[in-house]
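Structure record follows, encoded as structure tokens.
Here, each number is a calculation from the coordinates, and none is a lab measurement. As the structure is a prediction and not an experimental result, all values here were calculated from the model. FYI the Cβ positions are ideal-geometry reconstructions off the backbone, even for glycines, and counts take in every protein chain you see.
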Amino acid sequence: EAAVTQSPRNKVTVTGGNVTLSCRQTNSHNYMYWYRQDTGHGLRLIHYSYGAGNLQIGDVPDGYKATRTTQEDFFLLLELASPSQTSLYFCASSDAPGQGAEQFFGPGTRLTVL
Amino acid sequence: GDSVTQTEGQVTVSESKSLIINCTYSATSIGYPNLFWYVRYPGEGLQLLLKVITAGQKGSSRGFEATYNKEATSFHLQKASVQESDSAVYYCALSEGTGGYKVVFGSGTRLLVSP
């Protein structure tokens, strides 16, 4: 059974729309991450969290909020979506960072903002 | 800043032929980064293919291998004989060797294996 799941898998919204992307992990990991991936770019970190109620800012946070409600659940919020946020979004989880720590990824959510 | 460069956006290889996907890195703020290859099959998330945390060492998995070359700052992925099932997107990545959370990913190389 998949250990990191994301919903929805595809989402289309309009400029100014309100979008919530959901991520759930069953790995019992403390760390969770939200990335976006665009053609020609590597995955870029939006926000991450090291536990319920914790939120840390990543490298490309503008226009995004996030909330970690439980150890399992991490949400990404776009309150006023813009076309520049059209992208493929990945959620990931990991143990505490350490030598060679592996991240486990969900299948991704493709978001289109018209 | 730290970066990972994959120069090929897409590579096409015939089945049973050899493969090399290039990866170079710059780790200006990280003394001895850990290096990774992740793979993403269609419709799935990224999954770890192999990792090497010590310079000079080689990692291998599923017939793929990569050597951590600190002098050349490279971590090229190679396979002697590809199969159609290897068609996927391959990402090179680095993280801080001292255990920092941050992972820097390359832009990915799509591998198409033709029958």
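Brief remarks on what is shown
- Set B:Arg40, B:Arg62: member being out of contact with any helix residue (DSSP H, G or I) (no Cβ under 7 Å at 6 or more places or on another chain), in contact (Cβ under 8 Å) with a residue 40 or more places away in the chain and of a type in the set (Lys, Arg): B:Arg40
- Hits in region A:91-114 (condition: free of Cβ contacts under 8 Å to residues at least 60 places away in the same chain and in contact with a strand residue (DSSP E or B) (Cβ under 8 Å, 6 or more places away or on another chain)): A:Gln99, A:Gly100, A:Ala101, A:Glu102
Residue-wise test of (1) charged (D, E, K, R); (2) under 24 Å from A:Gly98 (Cβ atoms); (3) outside any loop (DSSP other than H, G, I, E, B).
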residue	(1), (2), (3)
B:Ser60	no, yes, yes
B:Ala66	no, yes, yes
B:Ala72	no, no, no
B:Gln78	no, no, yes
B:Ser85	no, no, yes
B:Val89	no, no, yes
B:Leu94	no, yes, yes
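- Residue within region B:61-69 that is within 12 Å of another protein chain (Cβ to nearest Cβ), under 16 Å from B:Ser3 (Cα atoms) and crowded, with 18+ Cβ neighbours inside 10 Å present: yes
- Being more than 13 Å from chain A (Cβ to nearest Cβ), assigned to a strand (DSSP E or B) and touching a Ser or Thr at 6+ places or on another chain (Cβ under 6 Å) is a description that applies to B:Leu112.
- Exactly one residue out of B:Thr28, B:Thr54 is in contact with a Ser or Thr (Cβ under 9 Å, 6 or more places away or on another chain) and either among the β-branched types (Val, Ile, Thr) or not in a strand (DSSP E or B) (or both): that is B:Thr28.
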